[in-house]
Structure formats: C-alpha cells, structure tokens
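Notes to accompany the following structure.
Values in this text are rule-based calculations from the coordinates and carry no lab data. Owing to the predicted nature of the structure, the values given are computational and were not obtained by experimental measurement. Note that each Cβ is placed from the backbone with ideal geometry, even for glycine, and that neighbours are counted across all protein chains shown.
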Amino acid sequence: MFFGFVKPIISKNAKGIMELIEDIDSLKTPPDAGVITIGNFDGVHKGHQALFHRVIELAEQHNATAMAITFDPHPLKALGNNGPPLITRKDQKTELIAAAGMDTLIYIPFTRAFAAISAHDFVKNILLDRLGMKIIVVGPDYTFGKNREGDVAFLKKMGEQYRFEVVIPDWIKGSDSDTNRISSTRIRELVMEGRVDETHPFLGRHYQIRGKVVKGRERGGSQLGFPTANIKLHDELCPKMGVYAVTVETTTGTFNGVANIGYSPTFDDHIFTIEVHILDFCHDLYGTRIRVNMVKRLRDEIKFPDIEALSAQIRTDIENARKILA
C-alpha cells in the first residue's frame with residue numbers, strides 16, 4: 001500500500017516514472033496543458049486501458065501531461081454504502097495505471113464534502129484551475145458532481161465556455177464475439193462464479209489475488225504430501241470456493257501451482273483458508289507476500305472419505321493444472 005501525500009513513484013511506465021499525487025492541495029501551479037481522464041478504474045480493465053491509451057496519444061500530440069484522476073475510498077463506501085468488493089485495491093490499481101504509461105495519477109480523497117461539490121465547481125476549480133486541463137477523455141456514461149448533475153452534455157457545454165476539448169471514445173468489448181461492453185460489474189460476477197478464465201478477455205490479464213503467507217494448519221506436507229502456502233488475503237474480491245490452476249508470483253520468481261479456496265471439508269474443521277501448492281518449489285515463503293493469478297477453476301471442493309482419497313485427487317488436480325498451464 002502507499003501512504004503519505006505526495007510521492008514520486010513506484011512503477012516504471014512506458015515513458016519513465018509515473019508521478020503519484022495523493023494531496024491535490026500540494027499543487028501550487030497547474031501542470032502544463034493536462035489531458036485528463038477520470039474514473040474509479042476498478043479492475044483497470046481493457047475499457048479503462050483504452051481511455052488511458054487515448055489520453056497518452058492526445059498528450060503526445062499536444063506536448064501535454066497524461067493524467068488520470070481516481071478516488072479513495074470508492075465513492076459508494078465513502079457515502080456509507082458498503083459498495084461492491086473491489087477488483088483491484090489501491091496498490092494494484094496504481095501499478096496497473098503506471099504500467100499503462102500515464103504520466104501522473106491523482107488520488108482525490110472521496111468524502112461527503114467532496115461529494116457535495118457541484119459539477120461546475122469541480123470542472124472550474126479543480127480540473128481547470130488546479131490541474132490545467134486542456135482535454136478531458138471520458139466514457140459515454142460518465143457522470144460527476146453533486147447528485148451526478150454533470151454528464152457528457154454538461155462537459156461539452158462547459159468546454160465551449162472555457163475552451164477545453166471533450167473526447168468520448170466508443171465502448172470497448174472484450175472480444176469480437178462480445179455483445180456487451182466491458183464492465184467492472186461483469187468481471188466481479190465472473191470471479192464470484194469461479195469463471196476466472198473468462199475474465200482474461202476483459203482484463204487483458206488473469207484475475208489476481210494477493211496476500212501474506214502465514215502459518216497454517218501444517219498438514220499439507222506432513223499429512224497429504226503436498227506442502228502449501230497459507231495466504232492471508234489482501235483483496236476484497238475472492239473467487240468462488242473450489243480448486244484452481246494458478247501461477248504464483250513470489251520473491252524468487254513465478255511458478256505454476258494449484259490453489260484451494262474454501263473450508264477443506266475432508267478435515268471438517270470449518271475454517272476458511274486459501275492454500276496454494278506451488279509446483280516444483282522448495283523455498284520458505286513464511287512472512288512474504290505473494291500474488292496468485294487465477295487461471296482456471298478445476299473443480300468444487302469435495303469431502304473425501306479419508307486422507308488417502310484426498311491425496312489421490314490432489315495428484316489428479318496437479319496433473320490437470322500442469323496441462324492447463326503448459
């Protein structure tokens with residue numbers, strides 16, 4: 001996670017280093033000719049990536065700064081609603097936006113006071129006066145300001161008044177066969193249904209969970225013959241319970257693996273866990289953070305009659321995972 005107010009960053013993008021700003025009040029003078037896009041960008045899916053790419057193109061054409069504005073926390077959470085489980089929490093979202101090639105990422109703290117700002121004042125006082133906006137790139141359904149009073153038509157009207165350009169790219173689909181546009185809502189549904197392989201066309205990558213390796217029940221190696229890394233989940237959006245073929249990013253490299261999400265019904269102890277058996281791996285991961293890319297769901301959790309039957313099934317799961325990940 002990132003703490004503090006203003007930090008240079010983090011992750012190199014196509015141009016060099018992305019600047020991360022978490023205190024907009026620290027900007028004493030606006031950047032030169034900013035090209036801006038705004039959104040929650042949860043998932044940083046292909047639709048979001050298309051907005052970033054358009055912003056970067058325009059910034060290069062106008063010798064301007066490519067800027068993304070997002071919010072923390074999610075507006076629904078800030079307003080007292082639990083909101084949807086996030087596909088990407090702040091650290092991963094920041095990394096992905098940097099990797100897209102943006103020059104600057106600004107997090108605006110979303111509070112009730114901020115939610116009460118009118119659409120006009122947001123554009124005039126923040127986007128124009130604070131950030132030097134010359135062009136704004138948003139989706140066709142973009143709304144903003146108090147009670148969502150601002151929309152694309154409102155932006156275009158203000159653009160005429162204050163002389164900035166409004167660019168509205170077309171919707172992006174996951175593939176040529178998709179009939180609906182890419183949405184964070186659809187991605188969440190697929191993850192919660194366990195259809196993680198179907199998220200790849202929308203995300204442009206596998207859905208990823210992150211967590212710290214902690215002490216588990218220590219029976220994977222001693223009782224089953226398959227040592228596992230027990231993960232304390234960092235993310236909000238957890239895939240459906242079951243067994244998955246995965247790849248695992250560790251401090252020593254990326255490896256193939258099999259993950260079990262659920263309650264291990266064979267042992268009947270009713271404790272929810274996420275455990276990963278990393279193939280061909282012999283390093284100690286306790287206390288480290290790992291990233292697990294969810295490639296494909298293999299099966300439901302099953303209660304087996306004994307440990308021997310469970311071990312036999314795990315061997316089959318590993319064989320199936322190797323084929324999928326080959």
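Under the 0.36 nm per residue contour assumption, what length would be gained going from the current alpha-carbon distance of residue 322 and residue 308 to full extension?
Result: 2.9 nm gained on full extension.
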Checklist entry - Of (i) 22.4; (ii) 18.4; (iii) 17.6, which one was derived for mean projected area of the Cα convex hull in nm² from the structure shown? => result (ii)
Checklist entry - What number, rounded to the nearest 500 deg cm²/dmol, is the helix-based mean residue ellipticity at 222 nm of the chain, given -39500 (n - 2.57) per DSSP H run of at least four residues and division by all its residues? => result -7000 deg cm²/dmol
Item to check | residue 141-residue 124 pseudo-label distance in nm [points 7 Å out on the Cα-to-Cβ vector] | outcome: 3.0 nm
Checklist entry - Separation between the residue 79 and residue 241 pseudo-spin-labels, each 7 Å from Cα along Cα→Cβ, expressed in nm? => result 3.4 nm
Next on the checklist: Is the C-alpha gyration tensor of region 196-325 telling us rounded, prolate or oblate? Criteria: a/c under 1.5 is rounded; beyond that, a/b larger than b/c is prolate, otherwise oblate.
Outcome noted: rounded
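Fully extended, how many nm does the chain gain between residue 23 and residue 185 (0.36 nm per residue separation, minus their Cα-Cα distance)?
Result: 55.4 nm gained on full extension.
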Checklist outcome for this item: By the C-alpha gyration tensor axes a ≥ b ≥ c (rounded if a/c is under 1.5, else prolate when a/b exceeds b/c, else oblate), the shape of region 42-185 is rounded
Checklist entry - Hey, if you put +1 on the Cβ of every Lys and Arg and -1 on every Asp and Glu Cβ in the chain, which of 203, 247, 114 ends up farthest toward the positive end of that dipole? => result 114
Checklist entry - Could you give the length gained on full extension between residue 90 and residue 233, defined as 0.36 nm per residue of separation minus the Cα-Cα distance, in nm? => result 50.0 nm
